[in-house]
1. Can we say L14 is of a type outside the set (G, A, S), under 27 Å from the mean Cα position of the chain (by Cα) and at pLDDT 90 or above?
2. Look at the stretch 40-60 and say how many of its residues are more than 17 Å from T29 (Cβ to Cβ) and under 32 Å from the mean Cα position of the chain (by Cα).
Amino acid sequence: MKHVRVVLIILFVLLIIAVAVQNYAVMATTVTFRLNLLFFNHETPPMSLYLVVIIAFLLGVIFTGFYGITERFRLKREIKLLKKESKGKDQELQSLRNLPVTAEEVGPDEEQGMQ
């Protein structure tokens, strides 16, 4: 299975390289972003589309990483609470198992007589 994974990763990297080489001229064009609001005007310096794509990718990785970290901490906290609850229920079950057995039997005949 490890070999299949390595082969798939290599094929994916080759695909990315092929797309990058074939679209070099388009991605090398420079763009400028403008933000014109009533109280704020801003214009970025000219940058290539490669840089824009890399920045967008890195921002996505960072935001996804932060989301993953917060989700991990939430799930760890939930696991801790569930383990604590399970331990309490196990202790309750053990205490019920250790109750003495009585000689009185409760059967269907006695239950009907009570009604």
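The values are calculated or read from the model by the stated rules, or taken from the named source; none is laboratory data. Computed from a predicted model, the values in this text were never measured in an experiment. Every residue, glycine among them, receives a Cβ derived from its backbone with ideal geometry; neighbour counts consider all protein chains shown.
1. No, not satisfied.
2. 4
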